[in-house]
Every structure is written in structure tokens, then in C-alpha cells.
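Have a look at the structure below, then the notes.
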Amino acid sequence: MAEGFTLFLLSGMLMCGLLLHTMSQHGADVDKPSRKPNFIIILADDIGWGDLDANQPEEKANNTPYLNLLAEQGQRLTDFHSPASTCSPSRAAILTGRYGLRNGVTHNFAVGSVAGLPLSEVTLPQLLQKAGYYTAMIGKWHLGHNGPYAPTNRGFDYYLGIPYSNDMGCTDLPGYNLPQCPACDSSGPQVTRLKRRAHGGCYSKVGLPLIENSSIVEQPLNLWTLTEQYKSTATRIIHNARERGQPYLLYMALAHMHVPLAPPLPPEGSAAGRHPDDGKVYTASLREMDSLVGAVKSASDDTDKDNTLIWFTGDNGPWEQKCQFAGNVGPFMGKWQTSRGGGSAKQTTWEGGHRVPTVAYWPGRIPANTSSSSLLSGMDIFPTLLSLAGVTPPSDRRYDGINATNILLHGEQTGHEFLFHPNSGAAGTFGDLQTVRTGKHKAFYITGSAEACGGATGRQQLHDPPLIFDLERDEAELTPLDTETPEYRTVVEKITRRRETLLWDIATDESVSTADYRTDASAAPCCDPRQAVCRCHTQH
């Protein structure tokens, strides 16, 4: 009898223990699905905040219907910023969660770059790959294309794309550009030197390569058919991962909005012979990129809809000097700068240079048809995805991104208390942190402009004390606060302390990397050096 009672007690205690364990596990994993989630990151090149219809509904445009649907079924992040205002630094910060002063990438790599993102840096795909993810990338890499710096050596199981920007090589059927670039020069043999400026910034001696994994499969590539290749490859990756039952990361870096633009041609047209209204070229390119987003969303919804996070954002703002071939910054016009000459978008730290259209979509997890004005950055993708995947980042380095899980899933409005915008070519030393945001205020210790449409530029100016704008009252950044007001004095004191703290933190950070920016003509991707522009075409 006593023995039976003891067994009864033990059985009851065991059941209670199991119940408590189950409850505690449920509470601990409230933000973690039973299966590891899939991640699709879509990074649009040179896109403006105003290019997303949903950001400016009063304009009644219909250029991004699929992104509009993504926003309607997901969440718009209206105060989201690229980590830099130019290509390579922005990408490096997204994949490492660190400012360029830490990861070493402060300006763009070149066609002849011998290196890339420092090998001491640990990337998001490397960490997810180790955690059992299949990792794939499609599109523009721009973080080094030689040997150990190539995508398949930085954490991606598969890669298809262009190693840098669309304009960093010639094609046989050039897209739209300003100035217009000529077709590849086929008059000479192998590339022995890189001539970029022979024709207004155009390359004519090296073909733009399409790379699959570590092999050049087409050089020069055909920009006009690239979207369809990307679309079929993305859908194949998504379906194959589902069949394998393996979680995946698909990183798509789309250069549709970066000149030269190559929008879809009508069936009866040809790339060489049609002359459309130039004002419609950018819109057509935007719609084509949007259709690719739609195809990816459809493939994801058909396979693993409730277990896939799609995060769309941009690498920097529009390239203003390209005039009709550049995007729309919306209300973020940087008027203080433009009134003094020059442009205020890409390469600058004005809002138009780094505030980018951003949408997050995850059915059943991210509340539909919502928006967040939390101050966020592309650097936040790194810690957020790792957290959702249950992966702990290496503890031997310091990070600058924040985990935005509670903002995405639970509607919290707590973003960065301070966010720095690095110099990106318009003024100062590349990568230096001389512009800072806190709350509604933004301070400039230096200002400068990029080249505007028409070629106008403005001069660099240092500001001590800094210019401070109230973005709630003045999103166009026209009139800085009066330095004599209590509001100004409070903000400048807070920003100055935080800036000094961060600079000291970086200066004492033993994990800081240094990028090798040396170039050599022999480092340019070349399929067949015996042929003009390295020409070749292989099946893939």
C-alpha cells in the first residue's frame, strides 16, 4: 500500500514536472517557431523612399503593386535607414551588423580590387550556414570577387549574380544611362588595363560578367534577360529547400534601379532599336523589380508561407546625378543643402541618402497592414535574423545593430536611441561618423553634397557646433534649430556625449578590421583573356 502510494506520488510529481517544463519551454520560445524560419532578404539598389507607392499613397501611383501587397499584408518600417549611403559599405554593414569603421569597409570596391570584406569579419550567412541553413545569394555582391572574398567563400552555398554594379563593365546591348555608354569595344584582345573614364564614366574594355558560384558563365552578360534568370533561380531555390525540408536564407541584391537601366522590352522591340520616353524608363525598371519581388513572394507563399520572413529594403538612396534615371526621395529633399548647391541623396548623409523604403512580411507572425516609425538600420537585420534562428553571434567582437524582433512581431516602438550615418563620399573622410540621429533630432558635424542632376555640386562645410534639425517639424531638412534655444542645448549635449563614447569604443575595439583596397588590372574578372572584353558564354 505504502509502495503504491509512493509510486502514485512520484508519477504525479513527474507529470507536474513535465507540465511545468512544457510551459516554461513555451514561454522561452514564444518568439521562436517550432521549425527554424526561412529568411528572404531583398536589397534594392539606389531606390528612393518615395519609390514605394505605399509610402506616398496620395500620389496614387501604381508602380509597385507587389510591394504594396507585401506592405498591406505585413509591416512598413517608415524610419528605416541603410547603414551607409553607398554600395559596398552598406552591404558590409548589413552582413556583419557593424559600422564600416569596425568591419573595415568604408567605400566601394573596384573592378580590379584584389580583396574585399576583410576575412576577419564573420557574416550572417556563415553563421546561419553553421546552424544548418541552406544559404543562397542572387544579384550584386560588391564585397570582393577574388578567391576567399567571393560569395561562396563568405557563407553562401550558392551564388548567381554580378560581382559589382551594373555600370562596372560593358555589354553588347547597353541599358539606359546618363551619359549613355557605348557597347563593348571588340577591337582589341585581352584586358591589360582598366579604363573607366574613357567615355564619361563608362567601361569599354572589360565585359560585365555573370558569375555562378565561382565560375563566369557569361561575359558580357545580357542585362535585358537578367530578371528572368534571377526569377527562375529564386523560385528553384525556394522550392528545392522546401523539398529538402531545410531552412534557408535567400539574399537577393537587385540592381534594377542602378544604371544602366534595362527594363523589359515589348515583344516586337529590340534593345538596340527602340527609343522610348526616357521619363518612363525608371518607372518601367521599378515595375520589373517589383514583379520579381512578386514572383519571390508567390513562390514563398506556395511552399512555406507561415514560416518565412521576407524583408525588403534598400542599400542607399537615389543616384541624383542620373536625372530621369534616378529614384524619388519623397519628402526627404535635404533642402538646406540643395539651396546651397548640389544633390542630397546617394553618397550624402541627408535623409534622401539613407532613408530607404522597407517592408517586413511574415504571415501569422508580423501583424498585417501595420507600420512602425521605430528608428532602425540595415545593421539590425544581422542580430534580428540570428535571434529568430536561435543563433548566438560570436562574442569576440562588438556589434552596432539591434535585435528588432519585438518591433516586428509585437509592435514595440523602441528602436535605436542613437544612429550614426557614416560619410559616404559627399564630404569628409569615408566612414567617419559625423552625422547622428537621436529621436526626432539629427545633427551634422559636416555637410556636403553629391553631384546633382545637371552637374551642380556644393562645398563641404564643417559645423562646430553642429547643425541640428527637428525631423518631425522639418523632414525636408531646411531650417536647423537656433543654437541659443534650450532644445538645441539639450540635444547637442546628449549627442556630443554619445558620439565621444562611440568613437572611444571603436578606437579600443580589438575586433576592428581593415580592408585592403589595392587594385590590379589582373584582378578583374575575365572569362577568356585571349578574347576582346574577355568574351565567353557557357551553359549554366
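The values are calculated or read from the model by the stated rules, or taken from the named source; none is laboratory data. Model, not experiment: these values are computed from the prediction. Heads up, the Cβs are rebuilt from the backbone with ideal geometry, glycines too, and the neighbour counts pull from every protein chain shown. With ligands, DNA and RNA removed, areas are computed over all heavy atoms of the protein, side chains included. Shrake-Rupley method; radii C 1.70, N 1.55, O 1.52, S 1.80 Å.
Tabulated results
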{"quantity": "Every residue from the stretch 223-241 that is among the polar types (S, T, N, Q) and open to solvent by 50 Å² or more (accessible area, probe 1.4 Å)", "calculated": "Thr225, Ser232, Asn240"}
{"quantity": "Condition check for Gly317: touching a strand residue (DSSP E or B) at 6+ places or on another chain (Cβ under 9 Å), at pLDDT 95 or above and within 24 Å of Cys181 (Cβ to Cβ)", "calculated": "yes"}
{"quantity": "Of all residues making up the stretch 57-92, the number that are touching a strand residue (DSSP E or B) at 6+ places or on another chain (Cβ under 8 Å) and of a type outside the set (Ser, Thr, Tyr)", "calculated": "13"}
{"quantity": "Condition met for Pro83 (open to solvent by less than 20 Å² (accessible area, probe 1.4 Å) and either part of a helix (DSSP H, G or I) or at positive phi (or both))", "calculated": "no"}
{"quantity": "Count of the stretch 401-415 residues which are open to solvent by 20 Å² or more (accessible area, probe 1.4 Å) and under 30 Å from Gly448 (Cβ atoms)", "calculated": "2"}
{"quantity": "Residue match in the stretch 88-98 (condition: buried (at least 24 other Cβ atoms within 10 Å of the Cβ), closer than 21 Å to Thr349 by Cβ, in contact with a Pro (Cβ under 9 Å, 6 or more places away or on another chain) and polar (S, T, N, Q))", "calculated": "yes"}
{"quantity": "The stretch 185-213 - residue that is over 14 Å from Ala524 (Cβ atoms) and at pLDDT 95 or above and, of those, surrounded by the fewest Cβ atoms within 10 Å (Cβ to Cβ)", "calculated": "Asn213"}
{"quantity": "Any hit, the stretch 286-297, residues being over 14 Å from Ile42 (Cα atoms), of a type in the set (S, T, N, Q), part of a helix (DSSP H, G or I) and modelled with pLDDT of 95 or more", "calculated": "no"}
{"quantity": "Residues located in the stretch 343-386, provided they are in contact with a strand residue (DSSP E or B) (Cβ under 7 Å, 6 or more places away or on another chain) and open to solvent by 10 Å² or more (accessible area, probe 1.4 Å)", "calculated": "Lys346, Gln347, Thr349, Arg355, Pro367, Thr370, Ser371, Leu375"}
{"quantity": "Test: residue in the stretch 472-488 that is out of contact with any helix residue (DSSP H, G or I) (no Cβ under 9 Å at 6 or more places or on another chain), assigned to a helix (DSSP H, G or I), loosely packed, with under 14 Cβ neighbours inside 10 Å and without any contact (Cβ under 8 Å) to a residue 40 or more places away in the chain", "calculated": "yes"}
{"quantity": "Failed criterion for Leu467 (all others in (1) assigned to a helix (DSSP H, G or I); (2) within 30 Å of Gly341 (Cα to Cα); (3) more than 26 Å from the chain's Cα centre (by Cα); (4) not β-branched (Val, Ile, Thr) hold)", "calculated": "(1)"}
